[in-house]
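Peer 1: Below is the structure I would like to discuss, written out as structure tokens.
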Amino acid sequence: MFGLIGHSSSFAQAQEKARDLGLEEMAEADLLSWCSAPPQLLETFEVTSKTGKTIQGTYIDSCFVPEMLSRFKTATRKVQNAMELAQKNGINVTALGGFTSIIFENYDLSKFQQIRNTTLEWERFTTGNTHTAWVICQQVETEAPRLGIDLKRATVAVVGATGDIGSAVCRWLQRRGVGELLLVARRPQPLIDLQQSLGEGRILALEEALPEADVVVWVASLPQSLEIDTASLKKPCLMIDGGYPKNLDAKVAGHGVHVLKGGIVEFWQDIGWQMMEVAEMENPKRQLFACFAEAMLLEFEGIHTNFSWGRNNISLANMELIGEASLRHGFRAIGLGSARSSSDNSGLELAAA
Ligand code: NDP
């Protein structure tokens, strides 16, 4: 069995979900009460691969909401309790979705293996970042040419380049060959280290990189207050919104700027679950985060290890391995055809490109 640990995208949404599930008391409770709420195993379901193999899955809501991010103890407890619940249910491999993998890594939770009487077995968990990085690279390689962007000559900015997903995307695109890589993050030293390990790439501030880029891969969570001057962007410009939450299309409006939800895959047939309804997927029975899909793929393939773990450990070989499994079992990266462009007439623009 595989597992998925997730959370609602806001406190208001979590209350709404509780109401839908008939948990009236939770729906009425305030944020403080939610801080002490235990994780909930919300549903189990079956998934059948294109190869015919069927596996069982479980969705665990950690009862974390982004409003708790600033509360260190609450955030860590939510992730640890959800992991403990997954392990106690004997789940072979569980993906840490949304903010849960970021909390795990940023608060260094690998130091705390003992949760009450449970010793967490790391090989039962994955961040899912290898598959996410592979899917984002597929989206760049497939969608850029559709907009008339020749990747061999294109300038590609990676925002969050020094992160786990960002650094893997940089390595993949470097091997594939793009015109130039622009490396964007806040801290200078990791950028210099990345540039040295790649042997290429230009380090730029966000506001310098954006006007130069034909393709922008966002793999950083962006502050709500961030403003982008759409007029300064190249046209066409492909923007892959790989961060969480996916809020880029609300920030860049204007013809010729195409925003695609990054790291989202579509399965070949409907899955009998409810969980993706709250993730605002366009087709919630088939579409899901690539990190969740990684747990499914590992279960389909019988790879019961912490496939994606730690920071900046993603190898090109593992991206290829998980990518081949992804295609074999019936996933495909969503494209511009199945996502919104920042302008209303994206179909016309695509055809014209
Ligand atoms: P990491 O923490 O490893 O990396 C984050 C990167 O973003 C770092 O390079 C960081 O560098 C940079 N960064 C953070 N804030 C800013 C900012 N304001 N401006 C510029 N750069 C910034 O995270 P991951 O690689 O694990 O994940 C990246 C994103 O992808 C997250 O938002 C995560 O939620 C999302 N994600 C999405 C998935 C999906 O949609 N399927 C699946 C998994 C993750 P620095 O701190 O130096 O700025």
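Peer 1: Out of the residues in the range 231-244 that are farther than 30 Å from residue 292 by Cα and not polar (S, T, N, Q), state the one that is nearest to the ligand (Cβ to nearest atom). Quick ask: steps written out before the conclusion?
Peer 2: In the first step, residues of the range 231-244 are kept if they are farther than 30 Å from residue 292 by Cα; the result is 231-236.
Okay, now just the ones that are also not polar (S, T, N, Q), so 231, 233-236.
On the way: 231: 21, 233: 17, 234: 19, 235: 23, 236: 23 Å.
The extreme case among them is 233.
Peer 1: Right, another one. Can you pull out every residue in the range 255-276 that is over 30 Å from residue 232 (Cα atoms) and among the small types (Gly, Ala, Ser)? I'd like the intermediate steps shown before the answer.
Peer 2: First pass over the range 255-276, keeping only residues over 30 Å from residue 232 (Cα atoms): 265-276.
Residue satisfying the conditions is 272 alone.
Peer 1: Something else: Out of curiosity, is residue 218 touching a residue at least 24 places away in the same chain (Cβ under 8 Å), away from the ligand (no atom under 12 Å from the Cβ) and among the hydrophobic types (A, V, I, L, M, F, W, C)? Give the steps one after another, and end with the answer.
Peer 2: On the way: touching a residue at least 24 places away in the same chain (Cβ under 8 Å): yes; away from the ligand (no atom under 12 Å from the Cβ): no; among the hydrophobic types (A, V, I, L, M, F, W, C): yes.
Criteria not met by residue 218.
Peer 1: With respect to the numbered conditions (1) within 16 Å of the ligand (Cβ to nearest atom); (2) free of Cβ contacts under 8 Å to residues at least 40 places away in the same chain, which one is the sole condition not fulfilled by residue 277?
Peer 2: For residue 277, the failing item is (1).
Peer 1: Filter the range 215-231 down to the residues that are more than 24 Å from the chain's Cα centre (by Cα) and open to solvent by 40 Å² or more (accessible area, probe 1.4 Å) and list them by number. First the steps, then the outcome.
Peer 2: Narrowing the range 215-231 to residues more than 24 Å from the chain's Cα centre (by Cα): 229-231.
Those that are more than 24 Å from the chain's Cα centre (by Cα) and open to solvent by 40 Å² or more (accessible area, probe 1.4 Å): 229, 231.
Peer 1: Let me ask another. Does residue 115 satisfy the criteria of being surrounded by 14 or more Cβ atoms within 10 Å (Cβ to Cβ), among the hydrophobic types (A, V, I, L, M, F, W, C) and farther than 30 Å from residue 266 by Cβ? Give the derivation first.
Peer 2: On the way: surrounded by 14 or more Cβ atoms within 10 Å (Cβ to Cβ): yes; among the hydrophobic types (A, V, I, L, M, F, W, C): yes; farther than 30 Å from residue 266 by Cβ: yes.
Against the criterion (surrounded by 14 or more Cβ atoms within 10 Å (Cβ to Cβ), among the hydrophobic types (A, V, I, L, M, F, W, C) and farther than 30 Å from residue 266 by Cβ), residue 115 qualifies.
Peer 1: Would it be correct to say that residue 22 is open to solvent by 30 Å² or more (accessible area, probe 1.4 Å), at pLDDT below 95 and in the same structural domain as residue 303 (by TED's automatic domain parsing)? Reasoning before the result, please.
Peer 2: Working: open to solvent by 30 Å² or more (accessible area, probe 1.4 Å): yes; at pLDDT below 95: yes; in the same structural domain as residue 303 (by TED's automatic domain parsing): yes.
Criteria met by residue 22.
Peer 1: Only one of 208, 212, 143, 180 is at pLDDT 95 or above, buried (at least 18 other Cβ atoms within 10 Å of the Cβ) and acidic (Asp, Glu). Can you tell me which?
Peer 2: Selected residue: 143, the only one of 208, 212, 143, 180 that is at pLDDT 95 or above, buried (at least 18 other Cβ atoms within 10 Å of the Cβ) and acidic (Asp, Glu).
Peer 1: If you don't mind, another one. Looking at the range 262-284 only, could you name the residues that are modelled with pLDDT of 95 or more and open to solvent by 10 Å² or more (accessible area, probe 1.4 Å)?
Peer 2: Going residue by residue through the range 262-284, those that are modelled with pLDDT of 95 or more are 262-271.
Result: 266, 268, 269, 270.
Peer 1: Going by the structure shown, is residue 154 more than 10 Å from the ligand (Cβ to nearest atom) and touching a residue at least 40 places away in the same chain (Cβ under 8 Å)? Even if it seems obvious, please write down each step before you answer.
Peer 2: Numbers: more than 10 Å from the ligand (Cβ to nearest atom): yes; touching a residue at least 40 places away in the same chain (Cβ under 8 Å): yes.
Answer is yes for this residue.
Peer 1: Where the second residue is assigned to a helix (DSSP H, G or I) and the first is open to solvent by 60 Å² or more (accessible area, probe 1.4 Å) and lies in the range 98-109, which pairs have Cβ atoms under 8 Å and are six or more apart or on separate chains?
Peer 2: 107/72; 107/75; 107/76
Peer 1: Is it the case that residue 228 is touching a helix residue (DSSP H, G or I) at 6+ places or on another chain (Cβ under 9 Å) and either part of a loop (DSSP other than H, G, I, E, B) or more than 14 Å from the ligand (Cβ to nearest atom) (or both)? Please lay out each step first, then the result.
Peer 2: Values: touching a helix residue (DSSP H, G or I) at 6+ places or on another chain (Cβ under 9 Å): yes; either part of a loop (DSSP other than H, G, I, E, B) or more than 14 Å from the ligand (Cβ to nearest atom) (or both): yes.
So residue 228 fits the description; yes.
The values are calculated or read from the model by the stated rules, or taken from the named source; none is laboratory data. Note that the structure is a prediction, hence the values are computed from the model and not measured. Heads up, the Cβs are rebuilt from the backbone with ideal geometry, glycines too, and the neighbour counts pull from every protein chain shown. The protein model used for the area step is the full one, side chains on, heavy atoms only, and it has no ligands, DNA or RNA in it. Shrake-Rupley method; radii C 1.70, N 1.55, O 1.52, S 1.80 Å.
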